[in-house]
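The values are calculated or read from the model by the stated rules, or taken from the named source; none is laboratory data. All figures in this text were calculated on a predicted structure; none of them were measured in a lab. Cβ: placed from backbone, ideal geometry, glycine included. Neighbour counts: every protein chain shown. Please note that ligands, DNA and RNA were not included when accessible areas were found on the heavy atoms of the full protein model with its side chains. Shrake-Rupley method; radii C 1.70, N 1.55, O 1.52, S 1.80 Å.
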Amino acid sequence: MSSENMNPAIQAAMEKIRTINAVEGFDPTPLAVQYDDLNKGESRLRLPVLKQIAWFWLRYPEGRLAVSVTPNKDCFVATARVYHHFTDPPEQFLAEATASRGYLQDKPTVSPREWAQTAAIGIALRNAGFGLQFSAAGDSFDTPVVDELGGIAWSGGQPPMPPTVDVSMGDEAPHAAKTSPAPVAPAETPLEKAMKAACPISKYKDKTLGEVLREDPGAIVWVANKFKGDANISAAAKLICDQALQESA
């Protein structure tokens, strides 16, 4: 939402939020990157982790970012803590966050250890107030991550699922049908249509993107970013990924 479309109360609140961790002569807005929310047809801003870190050092030049990493069966779990001064005791931190990351078949060069550390730092800095004026700050949340409790989980919760629609059985209530109009099912949302799109991966032949999402979320990410055979199917997969991004923001 642009500032022109905000009501005065929201705009005033956003101005206050922008003063959090303010550094004289520094505006993080030009450092934010744009991403498209295909579900709502809007462009939004996200502050990358490296820019958050630079902002932190400007605000707390004697601060400290502490990160620990623990290997798990299928992933690395990183915990990051933000301190306003390097002499602060371990439990006297400004903010803390944990993130887990595993290997991605479509990104074999990405180190899950480094990815987990970067994600944890970004979330911790966001929790400390670095980037609250943007729609998202820290990790981009555009890919599924390993859930150390078992299986794959989308950042911020479960994969987006289309709402169920209850369809009345007209044949079981013939008298009611004579006195009242038959219920009309609501129009499909863009997300519901995306979920019903056919998956182009031969391994998942005859399955929809929604069905594949339950089995292999990484496959949806691949279709969104790598598949070039059908622009409509790629757009549907991107919509599903964007929905996961919005739920995690």
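Among the residues of the stretch 201-231, what is the count of those that are open to solvent by 100 Å² or more (accessible area, probe 1.4 Å) and not in a helix (DSSP H, G or I)?
Within the stretch 201-231, residues that are open to solvent by 100 Å² or more (accessible area, probe 1.4 Å) and not in a helix (DSSP H, G or I) number 4.
Of the residues Tyr103, Tyr35, the single one that is in a strand (DSSP E or B), within 30 Å of Val221 (Cα to Cα) and of a type in the set (Phe, Trp, Tyr) is Tyr35. In the set (1) in contact with a Leu (Cβ under 8 Å, 6 or more places away or on another chain); (2) at pLDDT 90 or above, Glu96 fails one condition alone, (1). I want to confirm something. Restricting to the stretch 45-75 and keeping residues that are assigned to a strand (DSSP E or B) and touching a Phe, Trp or Tyr at 6+ places or on another chain (Cβ under 8 Å), which single residue is surrounded by the most Cβ atoms within 10 Å (Cβ to Cβ)? The selected residue is Leu47.
Select from the stretch 123-139 the residues that are under 13 Å from Val33 (Cβ atoms) and not in a loop (DSSP other than H, G, I, E, B) and write down the one among them that is modelled with the lowest pLDDT.
Top of the filtered list is Ala137.
Among the residues making up the stretch 96-120, those that are open to solvent by less than 50 Å² (accessible area, probe 1.4 Å) and more than 26 Å from Arg81 (Cβ to Cβ) are Leu104, Asp106.
Each row is one residue, and each column tells you yes or no for (1) within 30 Å of Val49 (Cβ to Cβ); (2) at pLDDT 85 or above.
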{"residue": "Phe141", "(1), (2)": "yes, no"}
{"residue": "Gly170", "(1), (2)": "no, no"}
{"residue": "His175", "(1), (2)": "no, no"}
{"residue": "Lys178", "(1), (2)": "no, no"}
{"residue": "Ala197", "(1), (2)": "no, yes"}
{"residue": "Leu213", "(1), (2)": "yes, yes"}
